[in-house]
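Report on the structure given below.
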Amino acid sequence: MDVLVVGGGGREHALCWSIAASPLCDHLYCAPGNPGIAQEAECVPISAEDIDGLVRFAKDKAVDFVVVGPEVPLVMGLADRLREAGIKTFGPSAAASQIEGSKAYMKDLLMKSGVPTAAYGRFKDSNAAKTYITEQGAPIVVKTDGLAAGKGVILCDTIEEAHAAVDSMMTDKAFGDAGNEVVIEEFLVGEEASFFVLVDGTHALPLISAQDHKAVGEGDIGPNTGGMGAYSPAPVMTDAITEEVMNTIINPTVKTMVDMGTPYVGVLFAGLMISKSGTKVLEYNVRFGDPECQVLMRRLKSDILPALIAAADGQLDRFNLRWHDDAAMVVVMAANGYPGSYKKGSEIKGVETANDQAGVVVFHAGTKDENGTLTATGGRVLSVTAMGGSVIAAQTNAYKAIEAIDWPGGFCRRDIGWRAIERKTKA
Ligand code: AMP
Ligand code: GLY
């Protein structure tokens, strides 16, 4: 079959790498892709947010199956448009994508389902939001209702900071229309983990555990990013917690979405806060995590394509996935300055040498091929992945690969995996 992957980051490189290896895949397209993806797929210069262009391309090429990577086209209705055109698609409808597209919708859905989550209030009026903050006290969390490229969440230590966050979102429109409504949330304490399930409308098939590092600085300090690294397995996700999450979080969510007439089809990503008093949902996303996807694809032993098709066909109940026992780690290399402002165009050398090391695969995110020279175009630029018999071994291999990459314009965190390693050392 001919397959189209939509997107062009490290997550989509990992998806293309897996899908291209499937014996079922005759021809793989990626829109828009990147120079790394070009080694696995035919890249076509259509933006991931050009809904008309993507539907036209899929029809013209008689593509059999489309896998949508990022959330924005899903929220814009790409999956609906493709299905209307008769093209099988992995990814939720615009209505179901509201679970990521609107935090207020998501929180109400969780309340309706009885799923544990932080206490909250939703506000369209800034004075009402501030009164609620004063009543609740600090620390407290202020979030834009709409999508804000991962930046619309402000953790506030004081009431004054929280009031200022409301002003920046609602009055100054720092995040545009995303801040027309805000959600004010109880501040949760615990350890975060990312949990992924494939959903076919009614059944959810859990994937293996993973954990990412969101903060830019070593020791998990400093501003939040999209993710500076990840590893799998995540020892915090014990079998007991996985079972708790399926029973108290995932299955009730999937059922409520069916009851609401907006069944979910695709990968559902639950951002969890795990604490002694139980596990709560921080957020839902309608896509694979980036960079979590990179470690999941490295550990997947089964062919991914039949699983994605089974999700699209409503047949996941007959499905099982097999995984490699080895651990996987991804270390993200980002442009100096990220997540603040950064320069584009610096040259990157040594990616091939790193790729040649045993068990290493370098996925591209923000790269460009300028007449044979690889340059950086994004904040997060490379996802260096490695396998190993344990998280520590995978970490050693990942940092050895990073040594081979010569890119003065970029940096990485040197402590990816520390929580898993510390847990192991203590045990
Ligand atoms: P979100 O996009 O809602 O997951 O928020 C991004 C990050 O902010 C999360 O990964 C957490 O690190 C943090 N965060 C969000 N909500 C809360 C909360 N209620 N309590 C504590 N931290 C939070
Ligand atoms: N790495 C977290 C995310 O993709 O949102």
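Quick look at the numbers
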quantity: Cβ pairs under 6 Å, 6+ apart, first in region 277-294 and modelled with pLDDT under 95, second open to solvent by 30 Å² or more (accessible area, probe 1.4 Å) and within 10 Å of ligand 2 (Cβ to nearest atom); calculated: none
quantity: Strands (runs of 3 or more DSSP E) wholly inside region 1-110 that include at least 2 residues being within 18 Å of the chain's Cα centre (by Cα) and aromatic (F, W, Y); calculated: none
quantity: Residue pairs meeting the criteria (Cβ under 8 Å; at least 6 apart or on separate chains; first under 23 Å from L272 (Cα atoms), in region 165-191; second aromatic (F, W, Y) and within 16 Å of ligand 2 (Cβ to nearest atom)); calculated: none
quantity: Residues being more than 23 Å from Q136 (Cα to Cα) and open to solvent by less than 50 Å² (accessible area, probe 1.4 Å) - total across region 96-119; calculated: 6
quantity: Selection count, region 151-164, where residues are of a type in the set (G, A, S) and more than 18 Å from L188 (Cα to Cα); calculated: 1
quantity: Residue under evaluation K368, criteria (1) out of contact with any strand residue (DSSP E or B) (no Cβ under 6 Å at 6 or more places or on another chain); (2) open to solvent by 80 Å² or more (accessible area, probe 1.4 Å); (3) not aromatic (F, W, Y), criterion not met; calculated: (1)
quantity: Elements of type strands (runs of 3 or more DSSP E) in region 202-251, at least 2 residues being within 14 Å of ligand 1 (Cβ to nearest atom), within 22 Å of A394 (Cα to Cα) and open to solvent by less than 60 Å² (accessible area, probe 1.4 Å); calculated: 215-217
quantity: Filter result (surrounded by fewer than 18 Cβ atoms within 10 Å (Cβ to Cβ) and in a helix (DSSP H, G or I)) within region 133-162; calculated: T134, E135, I159, E160, E161
quantity: Scan of region 145-165 for residues that are within 15 Å of ligand 2 (Cβ to nearest atom) and under 15 Å from F123 (Cβ atoms), ordered by number; calculated: G152
quantity: Within region 189-201, considering residues that are at negative phi, open to solvent by less than 40 Å² (accessible area, probe 1.4 Å) and not acidic (D, E), the one farthest from the chain's Cα centre (by Cα); calculated: V199
quantity: Count of residues meeting criterion [over 30 Å from R318 (Cα atoms) and away from ligand 1 (no atom under 14 Å from the Cβ)] in region 180-201; calculated: 2
quantity: Residue in region 64-72 that is surrounded by fewer than 17 Cβ atoms within 10 Å (Cβ to Cβ) and not aliphatic (A, V, I, L, M) present; calculated: no
quantity: Among residues of region 120-129, those that are assigned to a helix (DSSP H, G or I) and surrounded by fewer than 20 Cβ atoms within 10 Å (Cβ to Cβ), counted; calculated: 3
quantity: Hits in region 276-296 (condition: away from ligand 2 (no atom under 14 Å from the Cβ) and open to solvent by 10 Å² or more (accessible area, probe 1.4 Å)); calculated: K276, S277, G278, K280
quantity: Residue in region 126-143 that is over 30 Å from M1 (Cβ atoms), in contact (Cβ under 8 Å) with a residue 60 or more places away in the chain and touching a Lys or Arg at 6+ places or on another chain (Cβ under 7 Å) present; calculated: no
quantity: Hits in region 180-194 - residues which are under 14 Å from A270 (Cβ atoms) and in contact with a helix residue (DSSP H, G or I) (Cβ under 6 Å, 6 or more places away or on another chain); calculated: S194
quantity: Filter pass, T202 being in contact with a helix residue (DSSP H, G or I) (Cβ under 7 Å, 6 or more places away or on another chain), among the polar types (S, T, N, Q) and away from ligand 2 (no atom under 16 Å from the Cβ); calculated: yes
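A quick yes/no check of all residues on (1) within 19 Å of V362 (Cβ to Cβ); (2) touching a residue at least 24 places away in the same chain (Cβ under 8 Å); (3) out of contact with any Lys or Arg (no Cβ under 6 Å at 6 or more places or on another chain):
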| position | (1), (2), (3) |
| --- | --- |
| A14 | yes, yes, yes |
| G33 | yes, yes, yes |
| A38 | yes, yes, yes |
| P45 | no, no, yes |
| E49 | no, yes, yes |
| G53 | no, no, yes |
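The values are calculated or read from the model by the stated rules, or taken from the named source; none is laboratory data. Everything numeric in this text was worked out from a predicted model, so none of it was measured. Ideal geometry is used to build each Cβ from the backbone, glycine not excepted, and the neighbour counts take in all protein chains shown. Areas reflect the complete protein model, heavy atoms only, side chains present, ligands, DNA and RNA absent. Shrake-Rupley method; radii C 1.70, N 1.55, O 1.52, S 1.80 Å.
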